[in-house]
1. Taking S79, is it closer than 16 Å to M93 by Cα, touching a residue at least 24 places away in the same chain (Cβ under 8 Å), surrounded by fewer than 15 Cβ atoms within 10 Å (Cβ to Cβ) and of a type in the set (S, T, N, Q)?
2. So how many residues does segment 86-103 have that are surrounded by fewer than 17 Cβ atoms within 10 Å (Cβ to Cβ), in a loop (DSSP other than H, G, I, E, B) and modelled with pLDDT under 95?
3. Would you confirm whether any residue within segment 41-52 is under 11 Å from the mean Cα position of the chain (by Cα), touching a residue at least 40 places away in the same chain (Cβ under 8 Å) and part of a helix (DSSP H, G or I)?
4. Which residues, counting only those in segment 23-70, are closer than 14 Å to V91 by Cβ, among the basic types (K, R) and in contact with a helix residue (DSSP H, G or I) (Cβ under 9 Å, 6 or more places away or on another chain)?
5. In this structure, is R25 surrounded by 11 or more Cβ atoms within 10 Å (Cβ to Cβ), touching a Phe, Trp or Tyr at 6+ places or on another chain (Cβ under 7 Å) and basic (K, R)?
6. Does segment 1-14 contain at least one residue that is over 10 Å from the mean Cα position of the chain (by Cα), acidic (D, E) and part of a loop (DSSP other than H, G, I, E, B)?
7. Within segment 67-76, how many residues turn out to be surrounded by 14 or more Cβ atoms within 10 Å (Cβ to Cβ) and of a type in the set (V, I, T)?
8. Restricting to segment 62-85, count the residues that are out of contact with any strand residue (DSSP E or B) (no Cβ under 9 Å at 6 or more places or on another chain) and part of a helix (DSSP H, G or I).
Amino acid sequence: VLTHVDQCWSMDFVSDNPFNGRRFRALTVVVNFSRECLAIHAGKLLKGEDVVRIMEALRVLNKRLPVGIQTDNGSEFISKSLDKWVYEHGVTMDFSRPGKPTDN
């Protein structure tokens, strides 16, 4: 049960393939308690380092971090760079069960 705003944030990727055939992905960062969308970052290729850069920008801009982050097991979220960043900032990661996308 969520009791405050920064208890848990969720990160996930959405993708689209518009009429021109150029597929793109967007990283979304949402506050689970309020459902506020903190970031939508679009790009052709997004890696773990990009996730870290976006999270660091959110930390600096908002002057806050979540207690935990909920994600799936995508390669961007299990990267060494994100693992190092969350460790350095005292944030815990909560990964959804493999094959259960409704967990995140």
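1. No: the conditions fail for S79.
2. Matching residues across segment 86-103 total 4.
3. yes
4. R64
5. yes
6. Looking through segment 1-14, none of the residues is over 10 Å from the mean Cα position of the chain (by Cα), acidic (D, E) and part of a loop (DSSP other than H, G, I, E, B).
7. Qualifying residue count, segment 67-76: 2.
8. 4
The values are calculated or read from the model by the stated rules, or taken from the named source; none is laboratory data. Keep in mind that this is a model prediction, so the values were computed, not measured. We place every Cβ from the backbone using ideal geometry, glycine too, and count neighbours over all the protein chains shown.
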